[in-house]
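Below: the structure, in structure tokens.
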Amino acid sequence: MRLRNASLAFGDRTLWAGLDLDIREGEFFAVLGPNGSGKTTFLKALLGAVPLTTGTVEVGGRAPGRRGDHVGYIPQQKMFAPTTPMRARDLVALGIDGHRWGIRLRSRAVDRRVDALLAKVGATEYAKVPVGLLSGGEQQRLRVAQAIADNPRVLLCDEPLLSLDLNHQQAVSGLIDAQRREGAAVVLVTHEINPILDYLDRVLYIADGKFRIGTVEEVMTTEVLSELYGSRVEVSRVNGRIVVVGLPDATTHAHAPEPHQEEQPA
């Protein structure tokens, strides 16, 4: 992925501007920042769902949003209604042939691929269970399987760990990193860095229209976050975890979930 002089704005508010960024194959890249800072919109720009205000973006050497880009997408978690009749394996199969029109014809090749994906994410035992009866962690495993069904070169993840307990956060993080180890570039939006800390190569931290790109050691520091927020922010490491203290009181918070829908940029 490649962005040059990229900016996104809505109205008179600029989310970020002057962004030059290359994300490589096999890189695990996180996007962090306050609620409403533009993290989800950044993913939408990579998907081709939101146009940049200025600058350019390329995925695989061409404009994003075209068929054949081999981009997998894990959206923000939203629990299925308990009455949803779709089985777990049917949800995963949508990642294989969900773009086709008409009634799905039974295919042994599709069945074999679904079985392999379910096994890969540890979901075989509930393959025939309606998705509405599954836990949040079980549903999220299925979304990962669906997103990697086409062996994507790019995997975009929007708060995939939201509302999951620690065990499920670790499991889903490991599944996403497994795709990265197979060569995919992973871009993951999150409000909590600690569950993915061991996997990260670089981060993009966006706050108050400014940003910083670098390794965790370069970006997650008292000096950098204090500069981005314009007030004193303390960053410490405790038992291998990053603790951020002193974030400015505002309607946005650096470690609160971002709304499911951000206002569309100009």
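Remarks
- For the range 45-86, filtered to residues that are farther than 16 Å from Val31 by Cβ, among the hydroxyl-bearing types (Ser, Thr, Tyr) and touching a helix residue (DSSP H, G or I) at 6+ places or on another chain (Cβ under 7 Å), the residue that is surrounded by the fewest Cβ atoms within 10 Å (Cβ to Cβ) is Thr83.
- Within the range 121-134, the set of residues being loosely packed, with under 14 Cβ neighbours inside 10 Å and without any contact (Cβ under 8 Å) to a residue 12 or more places away in the chain comprises Glu125 only.
- If you go through the range 172-226 and keep only what is of a type in the set (Gly, Ala, Ser), within 19 Å of Ile74 (Cα to Cα) and crowded, with 19+ Cβ neighbours inside 10 Å, you end up with Ser173, Ala184, Ala185.
- Odd one out for Val144, checked against (1) touching a Pro at 6+ places or on another chain (Cβ under 9 Å); (2) farther than 17 Å from Val189 by Cα: (2)
- Residues in the range 227-256 that are in a helix (DSSP H, G or I) and either loosely packed, with under 15 Cβ neighbours inside 10 Å or of a type outside the set (A, V, I, L, M) (or both) were compared, and the one that is modelled with the lowest pLDDT is Tyr229.
- Total residues in the range 137-168, condition loosely packed, with under 14 Cβ neighbours inside 10 Å and either closer than 20 Å to Tyr73 by Cβ or touching a strand residue (DSSP E or B) at 6+ places or on another chain (Cβ under 9 Å) (or both): 1
- Gly36 falls short on exactly one of the conditions (1) assigned to a loop (DSSP other than H, G, I, E, B); (2) crowded, with 19+ Cβ neighbours inside 10 Å; (3) modelled with pLDDT of 95 or more, and that condition is (3).
- Single residue of Arg232, Arg212, Arg202 found to be among the basic types (Lys, Arg) and within 22 Å of Ile148 (Cβ to Cβ): Arg202
The values are calculated or read from the model by the stated rules, or taken from the named source; none is laboratory data. Remember, it's a predicted structure, so these values are computed and weren't measured experimentally. All Cβ positions, glycine included, derive from the backbone under ideal geometry; neighbour counts span all protein chains shown.
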